[in-house]
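> Could you have a look at this structure, given as structure tokens, before my questions?
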Amino acid sequence: MESNSGEDVNSALDLDKKYGCLFFCCEPYISAHVLTNPMSTNSKLFSMLALLNAYVPNSYLIMEECRGILGPPDPIYGGPPFEVRMQPFSKLIRVSGSKVRLIHSEIARKSVELLAELGIPRSSLALNCVFLLCGEEVQPHTVQFVKDLLTKREMGPKGKEKFSLLIKDIVEQEKFIKALMVLIKASNKFQDKHIFPQTVARLYNIGGCRPNFKKAEKWAKEAIKRAQNNSYAADTLGQVYKNHLLRGVKGSSEVNKMAVKALEAFKDVEMKAEKELHPEWSEYDGCANYSVSFNNRGHFGFIEVAKIVSEKHKHDNPFEDTLKLEVEDKFEFFEWYLSYSQPDRITVEPDFFWKDVASCYQQYTAEVAADSTSFPALLDCLNHGLFVSKEKRAFKSEVTEKTRQQLEQIRDELKTAYEEAADDVKVAERYILSNIILSNKEPHSPQHALVRQLQEILQRLLPNGANSKGPEFYLLVLLLFWPEEQLQKGQENNDDERLQEPDTDKAQSEDQTIEEADVKENNTGEEPDQPLPGLEYELDMEEYVTLMQKAYDKVYDNYLRGRYLLPLFFLGKDSGLSRWIHRSRLDAAVENRVETELANKPRDTNRNKMKRKKINDMWDSGEVWQLPQIQEMLQPIQMETMQQSGGDEKMFLSVGGKIIRKYQCQVHHVHESGTLSPKRFYLGFNIRGPVIFKVEDYSEKHDCKGTNQQQNTA
């Protein structure tokens, strides 16, 4: 029976118990038949179905394939029916249309274990799948199932597993040589597929007690030969050289030679990854290699090799000057890559990932990654003290949240840098962002005078090469010029007093920044009612949303495709700079709730794992949108429904009374568990542009559980 995503835990346990009992009843008959007729065609067919269904979810064989294995006489020529020929296995087999599979994955798992006990190991079953199922007229889906059986690596707690679950089980329960034999046979059988020699190379490299680097290199080169433009095939050779450098060479001369090989291999990976396209472009370029996501292994592999070389040479690294600039480039890449995105909604890179990048950067530059003031680093600096942040995961207690004093110092240094190079767009961007970041340290401080100054900077830079600006520039334009009338339809703002600037001298002295103090000296402390002469503060938001998305497509789309773009800011209920809520403030509220729930739990080694799971579950289920702290921070917004041709309705963002039509905003559909609250819309921004978070009554759509966090276009 196929699993149902709507089954609860108790139902799943009941099913396992039910099928366990059924297997227990059939086991004596199966054992007797297999022991008596181990080479019978129905034993072979059943064993292959069991192996596939145990290791490849939703796999099946079509009836035509099954009859081909069983051989004559076919029922069409008067032979017995399929169910009769499959005795004593029939009760465990399900036929649905033309598809044949076992009735449950638990049955398949127990069957594979029983067959192993009866002297038919997994390696023998795997070879049968390679040769008996994959003949001259093999079905494409069958080849894919066999490929997944031997090579598909599932995600584990520390990232992707090293090998498929079947290969792992063969290594552990049989012998390394048995797993190697299966993969080599498959590689020889499927000579057009690079994944098999690639997996053989990985097995030689890291799968045994002792790596065999020479044979690993040979098979890695075979994989490249079969797929010359594939960056993932090329990466395997780099991994072989890297592991050889780490574990197999001694002496400076050998280290240097292997380092050169490894660095060149990862540069090749990087070059090939740059040329790979998203599959959606396949109709335009039939010769390119395609990948749903950008392969970052060339960049990261280079960092790992540079780090290993530095550690092996310690105080006398001959590569230090040669690699410094490239290490800096790779560090900058991962700064924005990890600040702007992650693999999916709740999955992050392994904890060691950023640690290796930051450590290598410090070894070659003597600079601490946490002290960086680049644009992505500033965006990320408020996350430093959070459990979910890459810094905290990488360096545990070594990295703490930046203080207000530290943020003020950064802001002042960037202000000085801007005043010395007022035409430098990148410097201006960092200075403006530092003020927005600082405002999140002192919320409820509108800072309207400062907003005017920052708007003036952007207004002056707008005409200079508008189409050459990066998405960061347009992010700032949208944040600073976004109209403040964003109330949800039918909702009145009852917080007028809080949205106004403080009236008392004490409040003014506490909230004002250095910039505002300067303005007070020159402007008697009052904000002008009208924009400064020569400045136009009402910009067309649709135009700048379009420009930002085009800039993203030009700069980042190739690298961030297939990844979840992290929301950077949310629209809040305050005004001025304080209305933009940094993502860290939502994460902090979630973390506080989880800490409260775990307060009475024992502090064992699994506490962090449990904490991370609870945080992920809150985001995945939409529970975060119910937290009073988050509802208090965020401002619901108005969306407009418009009738499209064909009768369909689509949602568009309304900004300052105008609808953004040309480029529809990204929409996240999220659900909360309550049944009484109405639909709400929250506005966020990622590095591509506006993102609408549509919070719906969970009871309206029971079929959207879990998967509703993926990004899509409204």
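The values are calculated or read from the model by the stated rules, or taken from the named source; none is laboratory data. This is a predicted model, so every value here is computed, not measured. Because the Cβ atoms are built from the backbone with ideal geometry, glycine has one as well, and the counts that use them run over all protein chains shown. Ligands, DNA and RNA are stripped out before the accessible areas are found, and what is left, the full protein with its side chains, is counted by its heavy atoms. Shrake-Rupley method; radii C 1.70, N 1.55, O 1.52, S 1.80 Å.
> Set the Förster radius R0 to 22 Å, insert the Cβ-Cβ distance between T41 and I184 as r into 1/(1 + (r/R0)^6), and round the FRET efficiency to 0.05. Before the final figure, lay out each step's value.
Numbers: r = 26 Å, r/R0 = 1.20.
Result of the calculation: an efficiency of 0.25.
> Given points 7 Å out from each Cα along the Cα-Cβ axis, report the N608 to V95 separation in nanometres with one decimal.
Distance between the two pseudo-spin positions: 5.4 nm.
> Fully extended, how many nm does the chain gain between M642 and K275 (0.36 nm per residue separation, minus their Cα-Cα distance)?
The span from M642 to K275 would gain 128.2 nm if fully extended.
> Further question: Any chance you could check the Cα centroid distance between the stretch 331-363 and the stretch 131-186 for me, in angstrom?
The stretch 331-363 and the stretch 131-186 have Cα centres spaced 30 Å from each other.
> Right, here's the next one. May I ask you to rank H315, H244, H582 by accessible area, largest first, using a 1.4 Å probe over the protein chains only? Please list the in-between numbers first.
Details: H315 190, H244 45, H582 5 Å².
Order by accessible area, largest first: H315, H244, H582.
> Need one number: nm distance between label points at K218 and D344, each 7 Å from Cα along Cα→Cβ, rounded to one decimal.
3.9 nm
> Could I ask something else about it? Once amide H atoms are placed 1.01 Å from N in the peptide plane, what residues at a sequence separation of 5 or more from H384, or on another chain, have their amide H within under 5 Å of its amide H?
K402
> Debye sum, Cα scatterers, the stretch 37-93, no solvent: what log₁₀ I/I(0) at q = 0.13, 0.21, 0.23 1/Å?
Result of the Debye calculation: -0.32, -0.81, -0.96.
> Right, next: Within the stretch 216-244, list the residues whose amide N lies under 16 Å from a label point set 7 Å along Cα→Cβ of R561.
Backbone N within reach: 229-232.
> Something else now. Once you have a ≥ b ≥ c as the square roots of the Cα gyration tensor eigenvalues for the stretch 325-405, tell me rounded if a/c is under 1.5, and otherwise prolate or oblate according to whether a/b is larger than b/c.
Cα axes put the stretch 325-405 in the rounded bin.
> Which sequence of S434, S293 reflects their accessible areas, 1.4 Å probe, from the largest down?
Output order, biggest surface exposure first: S293, S434.
> Leaving ligands, DNA and RNA out of it, rank T322, T151, T373 by accessible area with a 1.4 Å probe, largest first.
Working: T322 95, T151 15, T373 35 Å².
The most accessible residue leads, giving T322, T373, T151.
> According to the square roots a ≥ b ≥ c of the eigenvalues of the Cα gyration tensor, what is the shape class of the stretch 367-451, taking rounded for a/c under 1.5, prolate for a/b larger than b/c otherwise, and oblate for the remainder?
Oblate, since a/c reaches 1.5 and b/c is not below a/b.
> If the limit is 32 Å between Cα atoms, which of K158/K679; K110/K162; K152/K390 go over it?
K158/K679
> For the modelled label position 7 Å from the Cα of Y29 along Cα-to-Cβ, which residues of the stretch 114-132 have backbone nitrogen atoms closer than 18 Å?
Flagged as within label range: 114-115.
> Still on this structure, I have one more. What number comes out for the charge environment of N464, summing +1 per Lys or Arg and -1 per Asp or Glu over other residues with Cβ under 12 Å away?
0
> Which links in K402/K469; K160/K214; K242/K312 stretch past 20 Å when you go from one Cα to the other?
K402/K469; K160/K214
> I630: accessible area at probe 1.4 Å, nearest 10 Å²?
Solvent-accessible area, nearest 10 Å²: 0 Å².
> From a point 7 Å beyond the Cα of Q144 in the direction of its Cβ, which residues of the stretch 85-118 have a backbone N at a distance under 20 Å?
Taking a point 7 Å out along Cα→Cβ of Q144, the residues of the stretch 85-118 whose backbone N falls under 20 Å are 96-102.
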